[in-house]
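Presented below is the structure to which this report refers.
The values are calculated or read from the model by the stated rules, or taken from the named source; none is laboratory data. All figures in this text were calculated on a predicted structure; none of them were measured in a lab. Cβ coordinates were reconstructed from backbone atoms using ideal geometry, including for glycine residues, and neighbour counts include every protein chain displayed.
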Amino acid sequence: MTSRVLLAVATVVGLLVLPLTASTTLRTVAAAPGARQASLTVTPPIYVPGQAVRFRGTLGKAGRRTVHLQSHMNRPGDTWLDVPSSTFRTAGDGSFDFTFTAPSMSGISYRVAGGGVATRGERFDARPQEITLTLQGADGASPFHAIAPLLPFTVLADTTPPVRSALGTPPPIPGRTVLLQERHDGNRWRTIQRGTTDSAGHATFRVAAPVLGERVLRARQERWTRGGSAIGWYASFPAYFSVLGLGGLLPRATAAATPRTAAPSRSEARPTAGERYRWGPTLFDFAWERGQDLTSPPSKGTRPRGTWLDTSDGTGRATPFNGGLVLQSKLKHGGAGDRGTTTATMRGNARSTGRWEFRLQGHAWEGGPAPFRFRLDLVPEGTPVTGCPTEAVVVADVTVGEPGLAVGVRSQRAGSQWTRRLPGLRLAEKPFNLAVEVAAKHTTWFIDGRPVATVTGARAHLGRRLVPRYSLVGADREMNGAQVDSDWQRGWSLARGRQVTSGAALTRTAYAAC
């Protein structure tokens with residue numbers, strides 16, 4: 001993923017880099033002529049994004065000097081790049097011993113460089129954070145649980161669940177705070193209990209059952225900053241605890257489904273509008289490089305402000321994952337239990353004019369008659385969270401897994417909507433970049449750096465301070481399992497670069513509900 005961790009290119013002189021490996025045992029590399037071998041050890045071998053890891057070794061060159069970390073994405077054409085804020089000093093014999101936080105994305109390598117030499121690269125594959133909430137003794141991957149009326153029941157929050165076996169089980173962090181939260185106001189969360197993890201990474205809670213209906217709960221493991229770590233908070237999927245036969249959720253019919261086994265892949269490099277039109281330094285860039293959570297500010301930019309509000313009125317969640325922001329319909333890719341609408345809305349750093357760019361990748365985990373709809377909108381700050389806002393710059397409106405993507409402007413106040421449909425684009429396994437430029441007299445949309453649509457005129461300009469919103473839109477019935485990944489979310493002003501008005505015209509029609 002091209003935009004994470006990487007800020008400045010460093011040229012490494014006098015080094016022959018050997019092939020990279022994934023082991024965390026001692027590493028050696030050919031050093032400069034006359035020098036001893038450089039070496040690197042990284043511990044612990046199992047960690048999560050943002051966890052402090054220890055770098056020990058030597059450059060093979062005596063003398064005190066400055067060293068720093070460099071990263072490599074391990075793709076054809078990539079080079080070693082300096083890691084920001086990773087400067088340290090060696091001892092007199094050239095050895096080093098320091099800690100630094102583990103990266104969020106898998107499959108990248110770090111090395112220690114300085115004095116014209118560098119260690120061999122060490123591959124990093126952080127275990128994704130995960131937490132499940134389940135009725136004690138029940139299946140942790142199921143979102144639905146039957147309980148008896150009025151009797152208290154015990155729920156288990158597990159921060160080391162074996163639910164992502166292909167990616168590895170995260171290590172336990174004993175003593176970490178876990179919040180038990182309940183859904184309120186339809187799609188928000190409020191804390192009702194607090195607990196701490198034991199040596200196995202578990203926390204248990206005792207909850208009162210209702211007379212009728214259900215309680216919808218989630219668990220959230222809080223930030224962990226001990227020992228130099230910077231691990232962000234992480235929430236489970238919603239879990240439904242229903243009085244049997246009265247909650248309406250046990251069971252529901254499943255859609256005819258064809259499970260798919262595609263897994264999230266590392267995004268390839270693709271052109272961006274920001275680079276092509278020289279928009280300059282970003283105001284903000286959520287790169288999700290080092291264990292950030294939804295309420296962490298952007299890690300990059302000249303105005304790095306803003307956080308994200310996540311909501312869910314069904315089984316889905318929005319969360320950082322593998323160096324990006326993802327919206328998921330439920331934990332298991334196949335089977336029953338996908339419903340409702342999940343959103344992530346940026347809060348703060350709103351602008352009435354400016355530029356925004358996003359990278360998207362979709363996964364249709366199931367086939368069937370009820371696919372999710374995905375929307376990426378710029379909405380006026382403070383807009384109520386709904387699946388279809390009445391005022392929006394539509395950056396993408398697409399049915400997950402099906403061809404065709406719409407862009408445009410919707411304005412109930414103007415009584416109009418402006419739309420262009422791009423029939424050849426599909427939100428699927430292949431990632432692409434979307435950007436939009438909003439000026440006072442035009443709005444232009446870009447796909448992989450190419451302008452594809454432009455609307456002009458004052459009526460099509462909302463004149464409101466805008467923020468991005470992601471929405472995985474479903475209904476209160478069984479849907480086809482889906483996931484949408486967004487590597488990064490960036491914003492610029494209009495101060496630099498050329499403004500573009502050469503996209504194809506949009507079609508104007510009377511405003512209508514989605």
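With a cut-off of at least 2 residues that are of a type in the set (Asp, Glu) and touching a strand residue (DSSP E or B) at 6+ places or on another chain (Cβ under 8 Å), name the strands (runs of 3 or more DSSP E) lying wholly within the range 424-514. First the steps, then the outcome.
Numbers: elements: 432-438, 442-447, 450-456, 466-473, 482-492, 507-510.
Of the strands (runs of 3 or more DSSP E) lying wholly inside the range 424-514, those with at least 2 residues that are of a type in the set (Asp, Glu) and touching a strand residue (DSSP E or B) at 6+ places or on another chain (Cβ under 8 Å) span 482-492.
Residues that are modelled with pLDDT of 95 or more, touching a Phe, Trp or Tyr at 6+ places or on another chain (Cβ under 8 Å) and assigned by TED's automatic domain parsing to the domain that holds residue 476, at least 2 per element: which strands (runs of 3 or more DSSP E) completely within the range 289-329 meet that?
On the way: elements: 307-312, 317-321, 324-328.
It comes to 317-321, 324-328.
The residue that is surrounded by the most Cβ atoms within 10 Å (Cβ to Cβ), among those in the range 148-169 that are modelled with pLDDT of 95 or more and under 15 Å from residue 128 (Cβ atoms), is 159.
Residue-wise test of (1) surrounded by fewer than 17 Cβ atoms within 10 Å (Cβ to Cβ); (2) not β-branched (Val, Ile, Thr).
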| site | (1), (2) |
| --- | --- |
| 79 | yes, no |
| 120 | no, yes |
| 128 | no, yes |
| 132 | no, no |
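Enumerate the strands (runs of 3 or more DSSP E) found wholly within the range 67-146, keeping only those where 1 or more residues are within 24 Å of the chain's Cα centre (by Cα) and at positive phi. Output list reads 81-89.
In summary, residue 436 fulfils each of the numbered conditions (1) crowded, with 21+ Cβ neighbours inside 10 Å; (2) β-branched (Val, Ile, Thr); (3) over 16 Å from residue 357 (Cα atoms) with the single exception of condition (3). Residue 417 meets each of the listed conditions (1) buried (at least 20 other Cβ atoms within 10 Å of the Cβ); (2) part of a loop (DSSP other than H, G, I, E, B); (3) touching a strand residue (DSSP E or B) at 6+ places or on another chain (Cβ under 7 Å) apart from (2). Taking each residue of the range 210-221 that is crowded, with 16+ Cβ neighbours inside 10 Å and looking for partners that are of a type in the set (D, E, K, R) and assigned to a loop (DSSP other than H, G, I, E, B) with beta-carbon atoms closer than 9 Å, six or more apart or interchain, yields 221/176. Residues satisfying the criterion are present in the range 192-209 (criterion: assigned by TED's automatic domain parsing to the domain that holds residue 145, among the small types (Gly, Ala, Ser) and over 30 Å from residue 47 (Cβ atoms)). Contact annotation: residue pairs with Cβ atoms under 6 Å, 6 or more positions apart or on different chains, pairing a residue in the range 426-440 that is over 14 Å from residue 351 (Cβ atoms) with a partner that is outside any loop (DSSP other than H, G, I, E, B) and of a type outside the set (A, V, I, L, M, F, W, C), are 426/403; 427/362; 428/362; 431/359; 431/361; 433/359; 435/357.
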